[in-house]
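So the structure is just underneath, and the comments pick up after that.
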Amino acid sequence: MNTWQTAVDCVADCLRAGVREFVVCAGARNAALVEALARAESAGRARLWRHFEERSAGFFALGRTMETSQPCAVVTTSGTAVAELLPAVIEAFYQARPLVAVTADRPAVFRGSGAPQTIEQPGIFGVYACADGIEAWDGKRPLHLNVELDEDFEPGEQDFTDVAAGDFAPVRERLDVSCLARWLREDLYRGLVVMLGGLEPEDREEIYHFCHDLAVPVVADAASGLREALGGLVLHDADRVLKTKPPGKILRLGEVPGGRFWRDLENLAEVSVWSVCRNGLPGLARDSMVTHGAPSRVTRALGEVDGADDALDLLPGNSARAARIEELIECYPDSEPAMVRAVSHFAALGDGVFLGNSLPVREWNLFAQWIRPAGTVRANRGANGIDGQVSTWLGCSAAMRDSWALLGDLTALYDTAAPFVLGQLPAAKRTLAVMNNHGGRIFEHLPRLAGMSPRATECLTNPHDTNLAGLAELWGIAHLRVRTADDFDALAAERGGTLLLELAPDARQTDAFWREWNRMRP
């Protein structure tokens, strides 16, 4: 086996397929790949990032695909290093992102032998990645390239100047929207609501005009980028409003929405649901329809749908609900929802914001300001985990001059290796806002928690007293703890670099806020 030529061929194949960025987690087994990639970078054909921890590297690479809409490869050595990529690959699969896993392996003869650094790599990612070679890859899901290498190699003369980098061109399906158009027109007055999940930036303008043409109520996740722009069409407190008065039809555009009502649809068979999404998955286990494609392409093909006015009488009480939210935030200025509101005002002045799963994305949808769009809004909603969130934010905001993230405390602690890459990023203002409510407080909103034992509750919520200032010190970044609304004044000062903004809400005010919130009528 010519290890050097194998590595060169693999890198050349990636370049020809349009892979320009590589996140390298180096080891003895993938040293030939690392050398080949370094030469490709010197020739101006590739951009290399380096990391020491594969799980964070995988999510950073995922963030790069989110930002550029181009493939990004993460390169690992052999052994369990490969397995660390599984969470990022799964997330990329459900987001339909072109994440490439290039994993070094010992020659096939070692498989099944129990020899050091040898695991069964082929097929390790199962249905979540194409493993049939780069020629069979459609560019709309992850790709796994298993590269068998000897440890010793002699580098040749290859410098990649003669390798022409190709353009990334994912396969596009033929669109047929006739059935969807008919569904939209038929029984329109059963009531239609549009639910917007995460949308790509290039989809948003088309979807904005489509929603205005339909003139029906809209449930807009923050990651849709249209939550503020659609103004009066957007339902406030949509989960409770729709549960009280379910619509006849739901048209979902984009990723699976993060709100509770989407899950409630599993038990609302009378509500007809049609999804339009890039991954072609319905997001529900019950019967529903789906169109596989970019939402903007589909809505552009639909054109205007006549007769959509007054589809559902859900908007008249919207202003009252919005006013009540304002009253609660003013009454409890040091509560968790009020701090989310404050952060949303600052983040809207930046280039973009990344929202962590669990409580942050839900509280942002409910309580963030509605006046000014917050630039590019991203979230990992594919498989709804909390892992890799800091890494994904750093990957998708690498080129931004002023970026924000709002995460929970456990989410931030879960990804403590992520800031390793900071020194490789362009100089910029980066604010990592962490809601330190001392555990997984989202579980306290579950009705079934009330009937569980104290020990089980402790296991669910994972209470802790971690000092986040120490985390900032570990990575050499600034730290600011905010306990009251007045503490946000310090953010107005001109600053640069990365800041860990620790949000420490008043627990009593937060509990009081939620008690009154839960008493509100939908």
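The values are calculated or read from the model by the stated rules, or taken from the named source; none is laboratory data. Predicted, not measured: the structure shown is a model, and the values here were computed from it. Because the Cβ atoms are built from the backbone with ideal geometry, glycine has one as well, and the counts that use them run over all protein chains shown.
Here is a list: Ser403, Ser391, Ser358. Which entry is in contact (Cβ under 8 Å) with a residue 40 or more places away in the chain, out of contact with any Phe, Trp or Tyr (no Cβ under 6 Å at 6 or more places or on another chain), buried (at least 24 other Cβ atoms within 10 Å of the Cβ) and not acidic (Asp, Glu)?
Every option except Ser403 fails the conditions.
Just the residues that are among the hydroxyl-bearing types (Ser, Thr, Tyr) and at pLDDT below 85, please, taken from segment 454-474.
Thr457, Thr461
Here's the yes/no breakdown for (1) within 32 Å of the chain's Cα centre (by Cα); (2) assigned to a loop (DSSP other than H, G, I, E, B):
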position	(1), (2)
Asp150	no, yes
Pro155	no, yes
Pro170	yes, yes
Asp176	yes, yes
Ala181	yes, no
Leu184	yes, no
Leu199	yes, yes
Tyr208	yes, no
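If I ask for residues that are in a strand (DSSP E or B) and not hydrophobic (A, V, I, L, M, F, W, C), which ones from segment 84-126 would you list?
Answer for segment 84-126, where residues must be in a strand (DSSP E or B) and not hydrophobic (A, V, I, L, M, F, W, C): Thr103, Asp105.
Name every residue in segment 159-179 that is farther than 29 Å from Gly44 by Cα and touching a helix residue (DSSP H, G or I) at 6+ places or on another chain (Cβ under 7 Å), in order of residue number.
Leu175, Val177
Consider segment 347-385. How many of its residues are over 20 Å from Pro337 (Cβ atoms) and either assigned to a helix (DSSP H, G or I) or in contact with a strand residue (DSSP E or B) (Cβ under 8 Å, 6 or more places away or on another chain) (or both)?
Total satisfying the criteria: 7.
Any residue that is over 19 Å from Leu302 (Cα atoms), surrounded by fewer than 24 Cβ atoms within 10 Å (Cβ to Cβ) and acidic (Asp, Glu) - is there at least one of those in segment 202-216?
Checked segment 202-216: no residue is over 19 Å from Leu302 (Cα atoms), surrounded by fewer than 24 Cβ atoms within 10 Å (Cβ to Cβ) and acidic (Asp, Glu).
Which ones in segment 237-277 are within 23 Å of the chain's Cα centre (by Cα), basic (Lys, Arg) and surrounded by fewer than 23 Cβ atoms within 10 Å (Cβ to Cβ)?
Result: Arg260, Arg263.
Quick one: which residue in Val34, Val23, Val100, Val82 is within 20 Å of Val421 (Cα to Cα) and in contact with a Leu (Cβ under 6 Å, 6 or more places away or on another chain)?
Val100
Test Thr65 against the stated conditions and say whether it is in a helix (DSSP H, G or I), modelled with pLDDT under 95 and assigned by TED's automatic domain parsing to the domain that holds Cys14.
It is false that Thr65 is in a helix (DSSP H, G or I), modelled with pLDDT under 95 and assigned by TED's automatic domain parsing to the domain that holds Cys14.
Given (1) among the basic types (Lys, Arg); (2) buried (at least 24 other Cβ atoms within 10 Å of the Cβ); (3) touching a Ser or Thr at 6+ places or on another chain (Cβ under 8 Å), identify the lone condition not met by Arg106.
(2)
Given the conditions (1) touching a residue at least 24 places away in the same chain (Cβ under 8 Å); (2) surrounded by fewer than 21 Cβ atoms within 10 Å (Cβ to Cβ); (3) in a helix (DSSP H, G or I), which single one is not true for Ala38?
(1)
Before we move on, is Arg227 modelled with pLDDT of 90 or more and within 19 Å of Glu326 (Cα to Cα)?
yes
What tally of residues in segment 66-94 results from selecting those that are surrounded by fewer than 23 Cβ atoms within 10 Å (Cβ to Cβ), among the β-branched types (Val, Ile, Thr) and within 15 Å of the chain's Cα centre (by Cα)?
2
Consider Arg252 against the criteria (1) within 20 Å of Gly283 (Cβ to Cβ); (2) without any contact (Cβ under 8 Å) to a residue 40 or more places away in the chain; (3) not acidic (Asp, Glu): it satisfies all of them except one. Which criterion is unmet?
Unmet condition: (2).
Is it the case, given these coordinates, that Gly382 is touching a Pro at 6+ places or on another chain (Cβ under 9 Å) and of a type outside the set (A, V, I, L, M, F, W, C)?
So Gly382 does not fit the description; no.
Could you list all residues from segment 92-118 that are hydrophobic (A, V, I, L, M, F, W, C) and at pLDDT 90 or above?
Passing the criteria: Ala92, Phe93, Ala96, Leu99, Val100, Ala101, Val102, Ala104.
May I ask you to verify whether Gly375 is in contact (Cβ under 8 Å) with a residue 40 or more places away in the chain and among the small types (Gly, Ala, Ser)?
no
Just give me the residues in segment 127-146 being of a type in the set (A, V, I, L, M, F, W, C), assigned to a loop (DSSP other than H, G, I, E, B) and over 21 Å from the mean Cα position of the chain (by Cα), in sequence order.
Passing the criteria: Ala131, Trp137.
Looking only at residues that are part of a loop (DSSP other than H, G, I, E, B) and among the basic types (Lys, Arg) in segment 484-522, which one is farthest from Val434 (Cα to Cα)?
Within segment 484-522, the match that is farthest from Val434 (Cα to Cα) is Arg521.
If the Cβ limit is 7 Å and pairs must be 6+ apart or interchain, which residue in segment 469-480 that is under 20 Å from His438 (Cβ atoms) and in the same structural domain as Ser391 (by TED's automatic domain parsing) pairs with which residue that is part of a helix (DSSP H, G or I) and of a type in the set (A, V, I, L, M, F, W, C)?
Listed by first residue and then by second, the contacts come to His479/Ala469; His479/Ala472; Leu480/Ala490.
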